[in-house]
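The values are calculated or read from the model by the stated rules, or taken from the named source; none is laboratory data. Everything numeric in this text was worked out from a predicted model, so none of it was measured. FYI the Cβ positions are ideal-geometry reconstructions off the backbone, even for glycines, and counts take in every protein chain you see. Please note that ligands, DNA and RNA were not included when accessible areas were found on the heavy atoms of the full protein model with its side chains. Shrake-Rupley method; radii C 1.70, N 1.55, O 1.52, S 1.80 Å.
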Amino acid sequence: MTTRTFPKDFYWGSAASAEQTEGNQHGTKVKTIWDHWYDLEPNRFFDEVGPSETSDFYHRYKEDIKNMKDFGHNSFRLSLSWARLLDESGQVNQEAVSFYNDVIDTLIAHDIEPFVNLFHFDMPMHLQEQGGFESRAVVDQFVDYAKTAFSLFSDRVKVWFTFNEPIVPVEGGYLYDFHYPNVVDAKRAFQVAYHTMIAHKKVCAHYHAHYDGKIGIILNLTPSYPRSQHPSDLKASHICDLFFNRSFLDPAVKGEYPEDLINLLKDYDHLPKTEPGDKALLKDNPIDFLGVNYYQPRRVKAKAHTPHPDSPFLPDWFFDNYEMPGRKMNVYRGWEIYEKGIYDIMINLRDNYDNIDCFISENGMGVQNEERFIKDGRIEDDYRIDFIHGHLTWLHRAIEEGCHVKGYHLWTFMDNWSWANAYKNRYGFFSVDLKTKNRTAKKSAYWFKQLTETNRLTK
C-alpha cells in the first residue's frame, strides 16, 4: 500500500458560487446577466432550467456548513453576489449583509476558513447595459463594490479573490457565444479581458493599502500540449498558451503581458485601449495567493487550413484542436481526464512564476444521471473518487518536488445549477433532490472525510 502524506495545515474543502447556489428568488437582489438571458432565451438552458431556486443555499446554508464540517472541510470558497450586495444606485442591501455575515460567522464557528471571491460570472444586468467590463466606469464600480465588501467582512475574512476564471466571460460572452451578451467580436473581447485585469489590480492596490490578509485571483489553467515536437505544432501550442493561460497569468503574477502576445495582437490590430498609469498599476500590485482551477488539458496542432479572411478573428486562427488517441474521457462532459496536467501546471508555476503560493481551487467530475449509481439510498460514485485520487497523486508529487501548493478544493460541495448546463451534470459530494432540496452524502463524501481526517492518501 502506498501512502502519501500532505503538509500540515493543508486546505481541504470545496468551492461554490453565489449565482449557482443561492437562487435569484430569495431575498432582495437585482437582475444579473443570467436572469436576463434566461428570460430572453430559456431554450439555451438544459431542460430550460434557469437560475431560480438552484440548490437553495440561501435558506439551507447552516445545514450545508454543518455537513462541510462533518465531512472534512477546514476551508470553503464562496462568492459574494454583486447584484445582491449593492442595489442599482450602489447602496448597500442590509438584508444581503445579514445573510453573508451569518454565512461567514457560521463557517468560522465550525472552524472552516472562508475564502471569499468577489466575481463569478454574475455581472449585474444594469451594469452590463452600461458596457460591462468594456467600460472603465464599470471597472470603477467594481472597485467600489470590492471596497464595500472589504469594509463589511474583512474583519473575519482573511483570504480574498477578485475573479474566478476571468477568461470564461471573455470566451463565452465575446468570442464563442456561450454566455450573455453573446457577442462575437475579438477586439471587444480583448478589451474586456484587459479591463478585468485593470479592475483586479485596482482592487489589489486598495486591499494591500488597508488590510493585512491575502488577496489573489482564481485562474483556470489548461496546459496546451502539442500534437508533436514539429516546430509548427510547438508554435500552435505556444500561441494557444498565450491566449488561454498567459493572458491572465502573466499580468496577475509577473505584472506584465507576454511580449509575444502583445506583438501578435498588434499585428492583427486587436490591441486593447490603455490609459496612462496602467503599466505601473499592473506591475506594482502582485497577488499573494493564486487559485488554480484544473479540469482538462488542451491538445492542439498546427492549423490545417488558412482561416477565411471574412471570418471573425479568433484565437482558433492559429491552431486546431487535437484528439489524442487513447485518451481517457469523461464522456458525460466531453472532457479528457488527464491527471498529470495538474502536476505540469504546478511545475510551471514553480519554475516560471516564482513558485507562487497556490492551491487547487477547483477540480471535479460532472456526471449525468447519477441516480443510476444509487445503492441502498446512496450514490456510489467510485468514478469521482478515482478522479480525485488520481489528481491528488500527481499534486502530491508536485509538493514533494518543491511546489508551494497549499490546498485542494473540489468543485463542488453539493450539486448545483451550472450555467447553461443547468443540472445536466452533477459534481457534488452531496446530491440534491431538485424537488425537495434534500441533501444526501455520496460515497465520495465519506471517502473525502477519511482523507482529510488522516491527511493521507492511500491506495
Using a Cα-Cα cut-off of under 17 Å, which aspartates and glutamates could be cross-linked to Lys8, ignoring same-chain neighbours fewer than 8 residues away? Asp111, Glu113, Asp357, Glu400, Glu401, Glu453
Non-local residues with an amide H under 5 Å from the amide H of Ile337, with H modelled 1.01 Å from N and Pro and chain starts lacking one, are Lys328, Met329, Asn330
Ordered by residue, what ³J(HN,Hα) values in Hz, to whole numbers, does segment 404-420 give under the Karplus form 6.51 cos²θ - 1.76 cosθ + 1.60, where θ = phi - 60° and Gly and Pro are x? 8, 9, 9, x, 9, 10, 7, 9, 8, 6, 10, 3, 9, 5, 10, 6, 5
List the residues, sorted by chain then number, that are 5 or more residues from Val300 or on another chain and whose placed amide H is less than 5 Å from its amide H. Tyr225, Arg227, Tyr322
With N residues in segment 213-345, what two-decimal value do you get for its Cα radius of gyration over 2.2 N^0.38 Å? 1.19
In whole Å, how far is the Cα centre of segment 43-100 from that of segment 334-372? 25
Note down the relative contact order for segment 18-115 as a percent, whole number, built from C-alpha pairs under 8 angstrom at least six residues apart. 34
Ratio for segment 38-79, C-alpha Rg to 2.2 N^0.38 Å, reads 1.62
Given a cut-off of 15 Å, what percent of all Cα-Cα pairs of segment 119-216 lie beyond it? 60
Binning at 10 angstrom from zero up to the longest distance, how are the C-alpha pair distances of segment 316-417 distributed in percent? 12, 37, 32, 16, 3, 0
Phi angles of segment 310-325, converted by Karplus (6.51 cos²θ - 1.76 cosθ + 1.60, θ = phi - 60°) into ³J(HN,Hα) in whole Hz with x for Gly and Pro, give 8, 6, x, 4, 9, x, 5, 4, 10, 6, 10, 6, 10, 9, 5, x
For the chain, the helices passing both cut-offs (Cα extent along own axis of 24 Å or more, Kyte-Doolittle mean at least 1.6, full DSSP H runs) are none
Below 12 angstrom from the Cβ of Leu392, what's the summed charge of the other residues (Lys, Arg +1; Asp, Glu -1)? +2
From highest to lowest solvent-accessible area (probe 1.4 Å; ligands, DNA and RNA excluded), Ile262, Ile337 read Ile262, Ile337
Based only on Cα atoms, what Rg/Rh ratio does segment 1-145 have, Rh being taken as Kirkwood's radius? 1.04
Please list the equivalent ellipsoid semi-axes of segment 242-293, computed as the square roots of five times the alpha-carbon gyration tensor eigenvalues, in descending order and whole angstrom. 20, 15, 8
Using a 1.4 Å probe and ignoring any ligands, DNA or RNA, find the accessible area of Glu88 and quote it in Å² to the nearest 10. 120
What lysines sit close enough to Lys235 to cross-link, taking a C-alpha to C-alpha distance under 16 Å and skipping anything fewer than 8 places away on the same chain? Lys301, Lys303
State, in angstrom, two size descriptors of segment 266-337 derived from its alpha carbons: Rg to one decimal place and Dmax to the nearest whole number. 18.5, 51
Distance cut-off 22 Å, Cα to Cα: go down the list Lys69/Lys459; Lys147/Lys202; Lys202/Lys254; Lys406/Lys437; Lys62/Lys449; Lys406/Lys442 and report the pairs above it. Lys69/Lys459; Lys406/Lys437; Lys406/Lys442
Probe radius 1.4 Å, ligands and nucleic acids ignored: give me the carbon and sulfur share of the accessible area of the chain as a rounded percent. 48
Among Pro258, Phe318, Ala302, whose Cα lies farthest out toward the positive end of the dipole of segment 248-405, if unit charges sit on the beta carbon of Lys, Arg (+1) and Asp, Glu (-1)? Ala302
Residues whose modelled amide H sits under 5 Å from the amide H of Gly407, counting only those 5 or more places away in sequence or on another chain, are Tyr11, Ile360
For Val432, tell me the accessible area in Å² from a 1.4 Å probe, rounded to the nearest 10. 10
Treating only the Cβ atoms of Lys and Arg (+1) and Asp and Glu (-1) as charged, compute the dipole magnitude of the chain about its Cα centre; round to the nearest 20 debye. 1140
Those aspartates and glutamates that a straight Cα-Cα span of less than 14 Å connects to Lys435, excepting residues fewer than 8 apart in one chain: Glu53, Asp56, Asp415
Helix-only CD estimate at 222 nm, as mean residue ellipticity for the chain, using -39500 (n - 2.57) per DSSP H run (n ≥ 4): -11500 deg cm²/dmol
Which whole-Hz ³J(HN,Hα) couplings does segment 12-18 yield from phi under the Karplus relation 6.51 cos²θ - 1.76 cosθ + 1.60, θ = phi - 60°, glycine and proline marked x? 10, x, 8, 9, 7, 9, 4
Taking all protein chains together and a probe of 1.4 Å, list Thr21, Thr2, Thr306 from the most accessible to the least accessible. Thr306, Thr2, Thr21
